[in-house]
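Engineer: Once you've had a glance at the structure underneath, I'll fire off some questions.
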Amino acid sequence: MKKITKAVFPVGGMGTRFLPATKSIPKEMLPIIDKPLIQYAVEEAIEAGITTLIFITSASKQAISDHFDPKPLLRKKFVVEGKSHLLDKFDTLPKEITRVFIPQGEPLGLGHAVLQAKEIVGDEYFSVILADDFIKPQADVINATKQLIDASLQYDASVISVEEVPEDRISQYGIVDVNSAQADINCIKTIVEKPSIEEAPSNLGVIGRYVLSPEVFELLENTQSDKGGEIQLTDALAQLLNKPDSLYAATLNGKRYDCGHKLGYVQATIDSALNDPEISVDVSEFIKGL
Ligand code: G1P
């Protein structure tokens with residue numbers, strides 16, 4: 001199997017849960033301390049060996065391409081003004097990384113967004129990263145995307161991240177059932193999008209990290225829209241299960257926060273602040289004093 005070097009970032013969503021902040025700012029640009037969610041996701045991808053970033057955007061997401069633009073004139077200005085120390089923070093992407101922006105056209109769901117990457121990805125396994133699932137960067141832990149890439153190469157199959165989710169959140173996730181829950185990586189038996197608690201096959205929720213076979217594109221092309229008119233990635237993955245040993249679940253290593261919701265976003269911010277050497281002591285004192 002070829003190396004996995006392309007990652008798809010669906011960033012076309014409306015971010016309605018964060019209105020009015022997301023009226024003019026894409027939700028992926030909301031910062032955790034001083035770095036936007038999308039940059040954490042991109043750094044995770046690059047650390048995992050990804051060299052081509054494919055953003056599936058909508059009309060109001062100009063800020064994301066601006067964020068990753070090298071802006072050579074501004075860069076030069078910093079150097080001339082003796083502010084070179086700012087370049088560390090200013091350079092958001094290594095030079096050798098390729099950026100591709102594809103407009104989604106219509107907001108027809110995650111599956112539809114991923115399908116837009118078909119021509120650029122071609123006949124290769126690829127990663128999908130949902131930036132609003134913030135996974136805390138930890139130097140001593142293999143990151144989620146790298147874990148999936150390694151497993152995909154090992155099993156020659158698609159692999160997705162899962163973790164146990166609380167019962168009252170089951171209906172907000174894709175839910176899987178696995179053959180055995182003993183190991184970190186297990187073959188998936190069933191996958192269903194946002195089931196009710198009664199219908200859920202387990203409490204193992206799909207987290208926004210996937211490494212997928214290019215076969216998924218054809219499955220997506222033949223996936224019917226759901227009741228809400230959206231094409232769900234989960235429904236295409238369910239079709240993948242018709243072939244044995246083609247879809248695995250990897251238990252997420254590390255701490256993840258659902259930054260698509262206010263609570264997760266605040267928790268991610270507090271956890272990151274308590275780990276930021278510049279402010280951790282003061283933040284800790286502040287919280288104790290509340
Ligand atoms: C999407 C997927 C869902 C997955 C979730 C992870 O849902 O459709 O299967 O569990 O991401 O964050 P969304 O959060 O876009 O509604």
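The values are calculated or read from the model by the stated rules, or taken from the named source; none is laboratory data. Fair warning: this is a prediction, and the values are worked out from it, not measured in the lab. All Cβ positions, glycine included, derive from the backbone under ideal geometry; neighbour counts span all protein chains shown. Note: areas computed on protein heavy atoms with side chains; ligands, DNA, RNA excluded. Shrake-Rupley method; radii C 1.70, N 1.55, O 1.52, S 1.80 Å.
Engineer: Among the residues of region 60-81, are any touching a residue at least 40 places away in the same chain (Cβ under 8 Å) and of a type outside the set (Lys, Arg)?
Structural biologist: To start, the set of residues in region 60-81 that are touching a residue at least 40 places away in the same chain (Cβ under 8 Å) comprises 61, 64.
With the extra rule that they be of a type outside the set (Lys, Arg), the set shrinks to 64.
Checking region 60-81: at least one residue is touching a residue at least 40 places away in the same chain (Cβ under 8 Å) and of a type outside the set (Lys, Arg).
Engineer: Among the numbered conditions (1) among the β-branched types (Val, Ile, Thr); (2) open to solvent by less than 30 Å² (accessible area, probe 1.4 Å); (3) more than 27 Å from GLN104 (Cβ to Cβ), tell me where ILE287 comes up short.
Structural biologist: Only one criterion is unmet by ILE287, namely (2).
Engineer: Give me the residue from region 16-44 that is of a type in the set (Ser, Thr, Tyr) and part of a helix (DSSP H, G or I) and, out of that set, nearest to ASP133 (Cα to Cα).
Structural biologist: Filtering region 16-44 for residues of a type in the set (Ser, Thr, Tyr) gives 16, 22, 24, 40.
Next, from what is left, pick out any that are part of a helix (DSSP H, G or I): 16, 22, 40.
Working: THR16: 16, THR22: 17, TYR40: 10 Å.
Out of the qualifying residues, it is TYR40.
Engineer: Being away from the ligand (no atom under 16 Å from the Cβ) and among the charged types (D, E, K, R) is the filter; apply it to region 110-137 and report the residue that is nearest to ALA236 (Cα to Cα).
Structural biologist: So, considering only residues that are away from the ligand (no atom under 16 Å from the Cβ) and among the charged types (D, E, K, R), the one nearest to ALA236 (Cα to Cα) is LYS118.
Engineer: Just checking: which of the helices (runs of 4 or more DSSP H) contained wholly in region 99-180 hold 2 or more residues that are touching a residue at least 60 places away in the same chain (Cβ under 8 Å) and not aliphatic (A, V, I, L, M)? It would help to see each step written out before you state the result.
Structural biologist: Details: elements: 110-115, 118-121, 144-155.
In region 99-180, the matching helices (runs of 4 or more DSSP H) lie at 110-115, 144-155.
Engineer: Against the definition (open to solvent by less than 10 Å² (accessible area, probe 1.4 Å) and touching a residue at least 12 places away in the same chain (Cβ under 8 Å)), how does ILE56 come out, yes or no? Walk me through how you get there before you give the answer.
Structural biologist: On the way: open to solvent by less than 10 Å² (accessible area, probe 1.4 Å): yes; touching a residue at least 12 places away in the same chain (Cβ under 8 Å): yes.
So ILE56 fits the description; yes.
Engineer: Also: Just to confirm my filter: which helices (runs of 4 or more DSSP H) fall fully inside region 218-290 and include at least 1 residues that are more than 15 Å from the ligand (Cβ to nearest atom) and over 29 Å from GLU119 (Cβ atoms)? Steps first, please.
Structural biologist: Numbers: elements: 233-240, 262-274, 280-289.
Hits in region 218-290: 262-274, 280-289.
Engineer: Output the residue which, of all residues in region 177-196 that are away from the ligand (no atom under 13 Å from the Cβ) and under 20 Å from ILE129 (Cβ atoms), is least open to solvent (accessible area, probe 1.4 Å).
Structural biologist: Within region 177-196, the match that is least open to solvent (accessible area, probe 1.4 Å) is ILE185.
Engineer: May I ask you to verify whether LEU86 is of a type outside the set (Val, Ile, Thr), part of a helix (DSSP H, G or I), more than 30 Å from ALA236 (Cα to Cα) and modelled with pLDDT under 85?
Structural biologist: Details: of a type outside the set (Val, Ile, Thr): yes; part of a helix (DSSP H, G or I): yes; more than 30 Å from ALA236 (Cα to Cα): yes; modelled with pLDDT under 85: yes.
It is true that LEU86 is of a type outside the set (Val, Ile, Thr), part of a helix (DSSP H, G or I), more than 30 Å from ALA236 (Cα to Cα) and modelled with pLDDT under 85.
Engineer: Name the residue that is most open to solvent (accessible area, probe 1.4 Å), counting only residues in region 59-75 that are assigned to a helix (DSSP H, G or I) and among the polar types (S, T, N, Q). Steps first, answer last, please.
Structural biologist: Step one: of region 59-75, the residues assigned to a helix (DSSP H, G or I) are 62-67, 72-75.
Adding the requirement that they be among the polar types (S, T, N, Q) leaves 62, 65.
Values: GLN62: 113, SER65: 27 Å².
By that ranking, first place goes to GLN62.
Engineer: Continuing with the same structure: Would you check which residues across region 148-176 are open to solvent by less than 20 Å² (accessible area, probe 1.4 Å) and away from the ligand (no atom under 12 Å from the Cβ) and list them?
Structural biologist: LEU148, ILE149, ALA151, SER152, ALA157, SER158, VAL159
Engineer: Here's a follow-up. Kindly establish whether LEU93 is on the phi < 0 side of the Ramachandran plot, touching a Pro at 6+ places or on another chain (Cβ under 8 Å), in a loop (DSSP other than H, G, I, E, B) and modelled with pLDDT under 95. Before you say what the answer is, go through the steps one by one.
Structural biologist: On the way: on the phi < 0 side of the Ramachandran plot: yes; touching a Pro at 6+ places or on another chain (Cβ under 8 Å): yes; in a loop (DSSP other than H, G, I, E, B): yes; modelled with pLDDT under 95: yes.
Here the answer is yes, as LEU93 does meet what is asked.
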